[in-house]
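Student: Structure provided below as structure tokens; questions to follow.
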Amino acid sequence: MFDDLRQAVKNIEFLADPTAGEVRIGSTAFLAASFVSAVVDRLSRRYPRIVFHLVTGYVETLHRELSERNVDLLIVRRFGPIADERLDFEFLFDDSYVVAAGAQNPWVRRRRIELAELVNESWVLPPPESVIGSVVMEAFRASGLDYPRTTVVTDSSEVRISLLATGRFVTIFPASALRFPAKRPEIKVLPVELPMARVPNGIVTLKNRTLSPVAQLFIDCAREVAKPLAKRK
């Protein structure tokens, strides 16, 4: 009830000034630093007075934040069906995973690489028990390989990108992480075929919850930014 009242007040404020308002977005660290940042950049250019509150965390925590109405919407990956019937998922684009290295890494000069050739390299990867870590684990198992000896274990995308830039490390990234908010010339995708399914990314909202006009503007912009990716099958 209080949330509905708060939304009504925000709607009135939006009518008074459509260029101002607040939106609260929950997302994982990777998507926040890539796709969500691209949406924020585009929308903030059109409406410079909008304030964006961005909350990052694991998907389970984000679902709880949404259920408790601490955020307006989520931009997340969907690994299997959403168990909570109170939530709606709107597909934006499928994401693939790639092996990446710094531009100075010797492997960049190769035209084709088998995953097995990289097992003894210096890997920087998320923990195996994390969601993305489990996806990486499946990729190695499908190739008949054990999870590689990892030099650096971290969930931080910023740390992984910084280490790749040294030219000494390799990692596995969602492809979209290297496309948004701008392409990263210091990071190169290695020509490795990974036996991994594409993962859907989308918007999660609470059913029967009326979103503010500013939150709807964000959703519309997210669809716009995702449109070129959605066409890539």
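Student: In the set K183, K188, K227, which member is assigned to a strand (DSSP E or B), open to solvent by 20 Å² or more (accessible area, probe 1.4 Å) and farther than 23 Å from V59 by Cβ?
Tutor: That would be K188, the only listed residue that is assigned to a strand (DSSP E or B), open to solvent by 20 Å² or more (accessible area, probe 1.4 Å) and farther than 23 Å from V59 by Cβ.
Student: Turning to a different aspect of this structure: Just checking: which of the strands (runs of 3 or more DSSP E) contained wholly in the stretch 1-115 hold 1 or more residues that are modelled with pLDDT under 85 and open to solvent by 30 Å² or more (accessible area, probe 1.4 Å)?
Tutor: none
Student: Quick one: what pairs do we get from the stretch 48-65, first residue of a type in the set (S, T, N, Q), second assigned to a strand (DSSP E or B), C-beta under 7 Å, 6+ apart or different chains?
Tutor: Listed pairs, sorted by first residue: T56/S27.
Student: Report, by residue number, each residue of the stretch 180-208 that is among the charged types (D, E, K, R) and modelled with pLDDT of 90 or more.
Tutor: Listed by number, the residues that qualify are K188, E193, K207.
Student: Separate question: Looking at the structure I just gave you, is S176 open to solvent by less than 10 Å² (accessible area, probe 1.4 Å), closer than 26 Å to R42 by Cβ, of a type outside the set (A, V, I, L, M, F, W, C) and in contact (Cβ under 8 Å) with a residue 60 or more places away in the chain?
Tutor: For S176, the condition - open to solvent by less than 10 Å² (accessible area, probe 1.4 Å), closer than 26 Å to R42 by Cβ, of a type outside the set (A, V, I, L, M, F, W, C) and in contact (Cβ under 8 Å) with a residue 60 or more places away in the chain - is met.
Student: So, one more: Just to be sure I understand the filter: pairs with C-beta atoms under 8 Å, separated by 6 or more residues or on different chains, first member in the stretch 99-121 and under 21 Å from R184 (Cα atoms) and touching a residue at least 60 places away in the same chain (Cβ under 8 Å), second member polar (S, T, N, Q) and in a loop (DSSP other than H, G, I, E, B). Which pairs pass?
Tutor: G102/T166; Q104/T166
Student: So, one more: Take the residues in the stretch 123-141 that are open to solvent by 10 Å² or more (accessible area, probe 1.4 Å) and modelled with pLDDT of 85 or more, then tell me which one is nearest to G167 (Cα to Cα).
Tutor: Looking at residues that are open to solvent by 10 Å² or more (accessible area, probe 1.4 Å) and modelled with pLDDT of 85 or more, I get P127.
Student: Of everything in the stretch 146-163, what is farther than 24 Å from A103 by Cα and exposed (fewer than 15 other Cβ atoms within 10 Å of the Cβ)? Give them in sequence order.
Tutor: Listed by number, the list holds a single entry, D146.
Student: Can you tell me which of (1) touching a strand residue (DSSP E or B) at 6+ places or on another chain (Cβ under 7 Å); (2) surrounded by 15 or more Cβ atoms within 10 Å (Cβ to Cβ) is the one V119 doesn't meet?
Tutor: (1)
The values are calculated or read from the model by the stated rules, or taken from the named source; none is laboratory data. Remember, it's a predicted structure, so these values are computed and weren't measured experimentally. Reconstructed Cβ throughout: ideal geometry from the backbone, glycine too, with neighbour counts over all protein chains shown. Side chains included, ligands, DNA and RNA excluded: accessible areas come from the protein's heavy atoms. Shrake-Rupley method; radii C 1.70, N 1.55, O 1.52, S 1.80 Å.
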